[in-house]
Amino acid sequence: MKFLKVDSLEQAREKMLSSLQDVFTKTEQVSLQESAGRCLAEPVYCPEMVPDFRRSTVDGYAVIARDTQGAGESIPVFLDIVEEVAIGHPAVHTLKSGECAYVPTGGMLPDGADGMVMVEYTELFDEKSVAIYSAVSPGNAVVQIGEDARKGQLLLDQGTRLDAKSIGVLASIGKEQVEVFKPWRLMVISTGDELVLPGEEKTACEVYDINTSAICTLAREHGMEVVETVTLKDEEELLEQALRRSLETCDIVVISGGSSQGKKDMTARLIDKIAEPGVYTHGLALKPGKPTIIGTDDASRTLLIGLPGHPVAAMMVFELLVIWMQKRMFHEKDKLCIPAILESNIPGAPGRATCQMVKLIPSGSGYAARPVFGKSGLMSTLTQADGYVLTEVNQEGLRSGEHVFVHLF
């Protein structure tokens, strides 16, 4: 007989990491256009100076700054125009004192020039000379070589989730392919005799399947690939068939419902039946989320997680286990936590950590955290909250007025 032990959140996380580290960190090369939302598998360093030439930030005239000293609206300085630089083409002249060159925004400054005068502060005197009505200092309106990034500089660290800004950085150094972590492949199974799919006709005492849509959305928001979803009645044979199929196609299978101690509890039994070594966590010292099951199958290298049936608890456990594990394995930085002051007490749960939903309320120069109390089966608990506060195991609770850090959804 196997004795199953309730684990703390930290213990469950450690078991997951140690059992799957080598399998869940595979990488692949993708094009820059396909990389949005993916996590970098290696750091990216700048291969050259960016920019690798001095360029103008304005339309105007490249000058030797000391030639403009004393220039003003009533006393202009006259300079000879020796060149008109075309955008995308190199400057060919070397400026001498008394000379200037027209340079468009983004164009290359000629050698000898050390500043730019905006065209608005100039006036053509004739075809070969211009009046300058503003004095400038060296470096004015000029982007220097390497000012954006220097050769060998770290641009993006491993674990960066690629967005418009970071992809723009990669494009700026001519990167065409990037090494990213392969997305985890998920099957999401919801079980319950009372469940019907959204869009189907619902009878008395039936409820719509919330967990499938909610968990799939959470997974996709974090770059995971949902390969199959299944909504089943509480029939052992149907669940076993789905679980066996998942071992062939998925990295993670998530089962919501069927994880409590009731007579319909079959998730743990089936995981032990089809997987080896099977279940290693049956119960999580967390509120909400105690009826959580975690196991693995070494042969297929699949993680199997039985989530609580209540939607809020299911989503929070998925966030605290699966998404947390991906962030650690992909070296992704955690979201910033928001410091806030509690508006009211949060009771502790003996022997368990507590995940308490809160709403952030602007208060003075910061925020107040207002606890959102509600049962884990009510979606309004999540929709009214901006994030959550996590208390430690055996912590007595938190008092009104305490400083806390709010983890944003």
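Overview of values
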item: Listed peptides 100-107, 339-346, 35-42 by packing density, highest first (mean Cβ within 10 Å); result: 100-107, 35-42, 339-346
item: Using alpha-carbon coordinates, inclination of helix 211-221 to the longest axis of the chain, degrees; result: 30
item: Unsatisfied cross-links (Cα-Cα over 29 Å) in the set 182/290; 327/359; 26/175; 273/333; 290/327; 287/327; result: 182/290; 273/333
item: Global geometry of region 252-387, whether rounded, prolate or oblate, following the gyration tensor of its Cα atoms and the 1.5 cut on a/c; result: prolate
item: Region 108-252 - charge dipole about Cα centre, Lys and Arg +1 at Cβ, Asp and Glu -1, debye rounded to 20; result: 640
item: R0 of 60 Å, Cβ-Cβ distance residue 373-residue 150: FRET efficiency to nearest 0.05; result: 0.70
item: Lys/Arg +1, Asp/Glu -1 at C-beta; the chain dipole; positive extreme among 31, 87, 197; result: 197
item: Net charge of neighbours whose Cβ lies under 13 Å from the Cβ of residue 120, counting Lys and Arg as +1 and Asp and Glu as -1; result: -3
item: Beta bridge orientation in region 55-143: antiparallel %, DSSP, nearest 5; result: 80
item: Check: the chain dipole with +1 on Lys, Arg Cβ and -1 on Asp, Glu Cβ, in debye; result: 1740
item: Within-11-Å neighbourhood charge of residue 177 [Cβ basis; K, R +1; D, E -1]; result: -3
item: Calculated FRET value between residue 380 and residue 59, using beta carbons and R₀ = 51 Å, to 0.05; result: 0.35
item: Rounded to whole Hz, the Karplus (6.51, -1.76, 1.60) HN-Hα couplings of region 306-319, x for glycine and proline; result: x, 8, x, x, 5, x, 4, 5, 4, 5, 5, 5, 4, 5
item: Cβ-based exposure ranking for 310, 93, in which fewest neighbours within 10 Å come first; result: 93, 310
item: Relative packing of peptides 285-295, 167-177 - highest average C-beta neighbours within 10 Å first; result: 285-295, 167-177
item: For region 132-146, Karplus couplings with θ = phi - 60° (6.51, -1.76, 1.60), whole Hz, Gly/Pro x; result: 9, 10, 8, 7, 10, 9, x, x, 4, 6, 10, 8, 7, 4, x
item: Rounded to 5, the percent of DSSP beta bridges in the chain classed as antiparallel; result: 65
item: Relative contact order, percent, the chain [alpha-carbon distance under 8 Å, six or more residues apart]; result: 16
item: For region 1-130, alpha-carbon Rg over 2.2 N^0.38 Å; result: 2.09
item: Inter-label distance for residue 244 and residue 78, nm, one decimal - labels placed 7 Å from Cα along Cα-to-Cβ; result: 9.6
item: Relative pair counts by distance (%), Cα atoms of the chain, 10 Å bins; result: 4, 18, 20, 17, 12, 10, 9, 7, 3, 0
item: For region 55-143, Kirkwood radius (reciprocal of mean inverse C-alpha pair distance, Å); result: 12.3
item: Residue 280 long-range amide H proximity, modeled H, under 5 Å; result: 294, 295, 296
item: Backbone HN-Hα couplings from phi across region 231-241 [Karplus 6.51/-1.76/1.60, Hz, Gly and Pro as x]; result: 10, 10, 6, 6, 10, 4, 5, 5, 5, 4, 4
item: Dipole moment magnitude, nearest 20 debye, region 55-143 about Cα centre, only Lys, Arg, Asp, Glu C-beta charged; result: 280
item: Contact order normalised by residue count of region 338-408, Cα under 8 Å, 6+ apart, percent; result: 48
item: Sequence ranges 145-156, 314-325, ranked by mean other-Cβ count within 10 angstrom, highest first; result: 314-325, 145-156
item: Three semi-axes of the equivalent ellipsoid, region 338-408, Cα gyration tensor, whole Å, largest first; result: 19, 16, 9
item: Approximate spin-label separation residue 27-residue 225, in nm, with each point projected 7 Å along Cα-to-Cβ; result: 1.8
item: Estimated FRET transfer efficiency (residue 194, residue 171; beta-carbon r; R0 60 Å; 0.05); result: 0.75
item: Inter-probe distance in nm under a simple model that places probes 7 Å from Cα toward Cβ, at residue 298 and residue 137; result: 6.9
item: Amide H within-cut-off set for residue 208, under 5 Å, with H built and near neighbours excluded; result: 196
item: Net +/- balance of residues flanking residue 299 in space, Cβ distance below 13 Å, scoring K and R +1, D and E -1; result: -2
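All of the numbers you see were taken from the coordinates with simple rules; none came from a lab. Here the structure is a predicted model, which is why all the values come from computation and not from measurement. Virtual Cβ from ideal backbone geometry, glycine too; neighbours counted across all protein chains shown.
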